[in-house]
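The structure appears right after this line, and notes come after that.
The values are calculated or read from the model by the stated rules, or taken from the named source; none is laboratory data. Just so it is clear, the model here is predicted, and its values are computed rather than measured. Here the Cβ positions follow ideal geometry from the backbone for every residue, glycine too, while neighbour counts run over all protein chains shown.
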């Protein structure tokens, strides 16, 4: 017989206490937090005090005009958000099953595999399980990792960098991401041969924002050739703006090879024949080690791994 001796059972932890500390973190004031949760302020104060008494630590610092989480509070808030997100997902899955749907999965992806890997993987899932609900977010890796930590996403196709906490992450590397320079069709440089970076030094560029990994490597590419990086720049990661801007100018943009090939295949841009030595690190499949994948997420993961072999020639361990 299993004996359940978790601390939160002994402490009689209440869901409303989790809701309260998250609301306090967002509102910074117990009166507003109580209003959000439709309870009185004295009731909210008692819930918080009972939790602090059980944990034997202060979760919030009382200030003249509000409340601020302590280090203990920050820890509990982070885990409360994950627990509440998991309960919401459980409710959504149950509702889906009751309605005859197979379930749901939330996937986060960076741009290039969002064009090459995700469409065939999702098409495969929908063919086998038409009622499985798939939500997809295309974002940068740091944003996606934050949403994974919050329990808002189940699976990522993204990068891990040195500054990321990897202690509770499972990562399966896929491929590196080469970079291409793109221009509008009929750009005057397309007729040139032997183009070098020096030929592009005075050109206007559309580049990722300062602080991004690709922007840093773009700058280094010129510096390694003994040149200062270009100064005629537009900084953006918005592909729709980028392609429209290229159509109306002689500027050059840098994007992942897969993105460049996709837009070139549709006649929107042309790939400039110049070597860009600012290759990005591997991206891969990322999940949490401290959470089990739902049946729907397992179906998606199996599909992603199967399609990886077709798209990247990469064989991964089965789910």
Given (1) surrounded by 14 or more Cβ atoms within 10 Å (Cβ to Cβ); (2) at pLDDT below 85, index of the condition residue 304 fails = (2)
Within the range 202-214, work out how many residues are modelled with pLDDT of 90 or more and not in a loop (DSSP other than H, G, I, E, B).
-> 3
Name the residue, out of 224, 235, that is touching a residue at least 24 places away in the same chain (Cβ under 8 Å), in the same structural domain as residue 196 (by TED's automatic domain parsing), in contact with a helix residue (DSSP H, G or I) (Cβ under 8 Å, 6 or more places away or on another chain) and closer than 29 Å to residue 163 by Cβ.
-> 235
Which members of the range 53-73 meet the condition of being assigned to a helix (DSSP H, G or I), out of contact with any strand residue (DSSP E or B) (no Cβ under 8 Å at 6 or more places or on another chain) and surrounded by 14 or more Cβ atoms within 10 Å (Cβ to Cβ)?
-> 54, 55, 72
When both residues are 6+ apart or on different chains and their Cβ atoms are under 9 Å apart, which pairs have a first residue that lies in the range 69-87 and is within 21 Å of residue 154 (Cα to Cα), and a second that is surrounded by fewer than 15 Cβ atoms within 10 Å (Cβ to Cβ)?
-> 78/150; 81/150; 82/150; 82/290; 83/15; 84/15; 85/150; 87/15
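To keep it simple, each residue is scored yes or no on (1) in a loop (DSSP other than H, G, I, E, B); (2) surrounded by fewer than 19 Cβ atoms within 10 Å (Cβ to Cβ).
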| site | (1), (2) |
| --- | --- |
| 190 | no, yes |
| 194 | yes, yes |
| 219 | no, yes |
| 228 | yes, yes |
| 244 | no, yes |
| 254 | no, no |
| 261 | no, yes |
Filter the range 230-242 down to residues that are surrounded by fewer than 15 Cβ atoms within 10 Å (Cβ to Cβ), touching a strand residue (DSSP E or B) at 6+ places or on another chain (Cβ under 9 Å) and under 23 Å from residue 258 (Cα atoms), then give me how many there are.
-> 3
Would you say residue 208 is surrounded by 15 or more Cβ atoms within 10 Å (Cβ to Cβ) and without any contact (Cβ under 8 Å) to a residue 12 or more places away in the chain?
-> no
Selection count, the range 103-120, where residues are within 17 Å of residue 177 (Cβ to Cβ) and part of a strand (DSSP E or B) | 2
When residue 123 is run through (1) modelled with pLDDT under 90; (2) surrounded by fewer than 17 Cβ atoms within 10 Å (Cβ to Cβ); (3) part of a helix (DSSP H, G or I), the failure sits at (1)
Filter the range 184-217 for residues that are farther than 26 Å from residue 267 by Cβ and within 27 Å of the chain's Cα centre (by Cα) and give the result.
-> 209, 210, 211, 212, 213, 215, 216, 217
Here are 118, 156, 169, 145: which of them is crowded, with 16+ Cβ neighbours inside 10 Å and farther than 23 Å from residue 256 by Cα?
-> 169
